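Here is the structure we will look at.
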Amino acid sequence: MTIEVGSVLEGTVTGITKFGAFVELPDKKVGLVHISEVANEYVKDVHDFLKVQDKVNVKVLSVDEKGKIALSIKQTQAAPEKKEFRPRREFHQHNGFNSNRRSSGPVSFEDRLSKFMKESDERLMDLKRNTESKRGGRGARHAD
């Protein structure tokens, strides 16, 4: 029996590793189900979902030139329901940042630039004052 990409087969789990599970297919061929293809949810440990000798349905994802077979369990299962996205609060643009406070209207680029320049100048002055005090400040006399 040739194993074709896209076909769904029944197999038996023969081994479990930290990165996936080995599944024996018909004709004694073995393929790997990568941890990312075990379930439709996040899988931290494969042992939480499978155990050796479990019968599983797998979909053949690929067969490389060396004969390695990539399998998927999650692609044989029904897709999980998609949850409809509903934001909890309405967010409005405020001074260039998202905020849940309502603004009085759109903030112009010039207003945002002016605010940025003012805050930048204040930070620069604080930095200068701080570094000058460590170096002796303005007009400080040093003992020679």
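The values are calculated or read from the model by the stated rules, or taken from the named source; none is laboratory data. This structure is a prediction, so every number in the text was calculated from the model and none was measured. Cβ atoms come from the backbone with ideal geometry, glycine included; neighbour counts cover every protein chain shown.
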remark   = How many residues of the stretch 48-69 are closer than 15 Å to Ile3 by Cβ and of a type in the set (D, E, K, R)? The answer is 5
message = Exactly one condition in (1) outside the structural domain of Glu37 (by TED's automatic domain parsing); (2) at pLDDT 75 or above; (3) not in a helix (DSSP H, G or I) is false for Ser114; which is it?
response = (3)
inquiry  = What are the pairs with Cβ atoms under 7 angstrom where one residue, in the stretch 39-62, is farther than 16 Å from Ala78 by Cβ and the other, located anywhere, is aromatic (Phe, Trp, Tyr)? Sequence gap at least six, or different chains.
reply    = Val43/Phe49
ask   = Out of curiosity, is Ser99 surrounded by fewer than 10 Cβ atoms within 10 Å (Cβ to Cβ), at pLDDT below 85 and either aliphatic (A, V, I, L, M) or more than 24 Å from the chain's Cα centre (by Cα) (or both)?
value = no
